[in-house]
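Down below is the structure, laid out as structure tokens.
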2 protein chains.
Amino acid sequence: MASTEGSSHLCDPSRCPCDDAECALGRYARATAAAADRQGLDTRTLAATEQAVAERLQGLALNMSATAAISNIYRAANAVRNHVERTVLAPHDLTWTGWVVLWVIWIWGRIETRHVAAEAGISKGTLTGVQKTLASRGLVNRVVHPDDARRVLLSLTPHGESLMAELFPRFNAEEAFAVGALDDAAQLQLARSLRAVVHRLEGG
Amino acid sequence: MASTEGSSHLCDPSRCPCDDAECALGRYARATAAAADRQGLDTRTLAATEQAVAERLQGLALNMSATAAISNIYRAANAVRNHVERTVLAPHDLTWTGWVVLWVIWIWGRIETRHVAAEAGISKGTLTGVQKTLASRGLVNRVVHPDDARRVLLSLTPHGESLMAELFPRFNAEEAFAVGALDDAAQLQLARSLRAVVHRLEGG
DNA sequence: ACGGCTTCATTCGCCTACAAACGATGCGTG
DNA sequence: CACGCATCGTTTGTAGGCGAATGAAGCCGT
């Protein structure tokens, strides 16, 4: 029977809006139903497993709003990144990290690599590779620090400068589009709540 | 002159709370000041560049609240991921992606790989590698679909089951800790705003 | 039943991404 | 001046991460 074919289509979370606290249980109910409908064989074992999962989740249902908030943080971050990569970065063969690094150098003009890594939120080792890629495309200059041969200074080439001048307005416009469904107060509230999360985790 | 040594320490964004709309200009002012203090040589060129950057940013200052919200989404997502990796996942040699994949399989019991990739928010190709890693550790079973030889079904081994039973409560506790500075209403509001962003970008 | 079309998972090349190890450089003290 | 120690950036090894290409498998119209 084709019970595994048509009815096995799961609720795609990237399209299903129902993952807040109230709806999470409903979503899980749909999950169990779909799973029960999907299995075909060994009904008892899978049903027992699903039952056990339900008991586990119900035992921790008090933190459902936390789960909803956290999982949405991650999904939103990925959505923003993917959207910007497609609409702004991909036409110029730039990755997200490459863009962030360019942006940091653009803002600071001339900056040591360790500071670029800290500002961009990547490790030193990662920056070495990104910097090499950007330099090979003629976007970034690499100069040894005149006073300390251990350090390296990065700056944009004229080509990099003109690219940033062209891309930054588009990037900013996409940022504005992403939060376009929220009014100014909601945007500030969102930023404030997220900052509270960051402080809580990174120390503050 | 040690002007490049002590005074070149930039405001570390991972620790500086000042990146909301009001403070962003202040942060940039500090940036320009630090840059001007840092350069030592070719003062005019760098100052002219900074001046040009200031003009560009001021011309787009209207979207500052959007920038603050978006950048905080990304920082918060990274903070959550790093925190959970350190506190819960690293002791068991699990990566974030590996955890998410395990979680999806745990919830759905038996699920096709394409659905796992969709639920976990990764590509099919990435899942192939992650699945291989998890299978090599005896956490995941891989079975060809009985009715369609193209598809592959994933499920947890008993070892994987017991690992999830142990780790999920800890994971959930860390999620709750991350948003612990917000009350329930703020958590739901945060989830709702983020969901609005996701809908806006992924279609809805 | 046979030819195209679709839909899977996998593979490939390239690029992050991090921790740890490494080598080079600078600094401070004896 | 020379020794140890701290601080850089880079390298190494392992694991994600994606798009595009690949090949196997099913579907469907003729």
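The values are calculated or read from the model by the stated rules, or taken from the named source; none is laboratory data. Just so it is clear, the structure is predicted and the values come from calculations on it, not from any experiment. Counting neighbours? That spans all protein chains shown, and the Cβs are built from the backbone with ideal geometry, glycine included. Surface accessibility is based on the protein's heavy atoms, side chains included, excluding ligands, DNA and RNA. Shrake-Rupley method; radii C 1.70, N 1.55, O 1.52, S 1.80 Å.
Looking across the range A:154-183, the residues that are aliphatic (A, V, I, L, M), over 30 Å from B:Leu194 (Cβ atoms) and more than 9 Å from chain B (Cβ to nearest Cβ) come down to A:Leu154, A:Leu163. Restricting attention to the range A:75-85, the residues that are within 14 Å of DNA strand C (Cβ to nearest atom) and open to solvent by 20 Å² or more (accessible area, probe 1.4 Å) total 4. Looking at the range A:95-118 only, could you name the residues that are among the hydrophobic types (A, V, I, L, M, F, W, C) and free of Cβ contacts under 8 Å to residues at least 12 places away in the same chain? Answer for the range A:95-118, where residues must be among the hydrophobic types (A, V, I, L, M, F, W, C) and free of Cβ contacts under 8 Å to residues at least 12 places away in the same chain: A:Ile107, A:Trp108, A:Ala117, A:Ala118.
Pairs linking a residue in the range B:179-204 that is farther than 14 Å from A:Ala76 by Cα to a residue that is not in a helix (DSSP H, G or I), with Cβ atoms under 6 Å and 6 or more positions apart or on different chains, are B:Gln187/B:Val179.
If I filter the range A:130-153 down to residues being touching a helix residue (DSSP H, G or I) at 6+ places or on another chain (Cβ under 9 Å) and near DNA strand D (Cβ under 9 Å from one of its atoms), which single residue comes out as farthest from B:Arg75 (Cα to Cα)? That would be A:Asp148.
Does the range B:162-170 contain any residue that is over 22 Å from A:Arg75 (Cβ atoms) and within 16 Å of DNA strand D (Cβ to nearest atom)? Yes, the range B:162-170 contains at least one residue that is over 22 Å from A:Arg75 (Cβ atoms) and within 16 Å of DNA strand D (Cβ to nearest atom). Exactly one residue out of A:Leu102, A:Leu163, A:Leu182, A:Leu134 is away from DNA strand C (no atom under 14 Å from the Cβ), surrounded by 14 or more Cβ atoms within 10 Å (Cβ to Cβ) and part of a helix (DSSP H, G or I): that is A:Leu163. Do we have B:Phe177 as open to solvent by 50 Å² or more (accessible area, probe 1.4 Å) and either in a helix (DSSP H, G or I) or among the aromatic types (Phe, Trp, Tyr) (or both) here? For B:Phe177, the condition - open to solvent by 50 Å² or more (accessible area, probe 1.4 Å) and either in a helix (DSSP H, G or I) or among the aromatic types (Phe, Trp, Tyr) (or both) - is met.
Within the range B:119-131, if we keep just the residues that are free of Cβ contacts under 8 Å to residues at least 24 places away in the same chain and touching a Lys or Arg at 6+ places or on another chain (Cβ under 9 Å), the residue that is farthest from DNA strand C (Cβ to nearest atom) turns out to be B:Gly121.
For (1) part of a helix (DSSP H, G or I); (2) more than 19 Å from B:Ala68 (Cα to Cα); (3) away from DNA strand C (no atom under 16 Å from the Cβ); (4) away from chain B (no Cβ under 13 Å), each residue gets a yes or a no:
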site	(1), (2), (3), (4)
A:Thr87	yes, yes, yes, no
A:Thr97	yes, no, no, no
A:Ile111	no, yes, yes, no
A:Asp147	no, yes, no, no
A:Arg195	yes, no, yes, no
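Considering only residues in the range B:149-159 that are away from DNA strand C (no atom under 12 Å from the Cβ) and within 28 Å of the chain's Cα centre (by Cα), the one that is surrounded by the fewest Cβ atoms within 10 Å (Cβ to Cβ) turns out to be B:Ser155.
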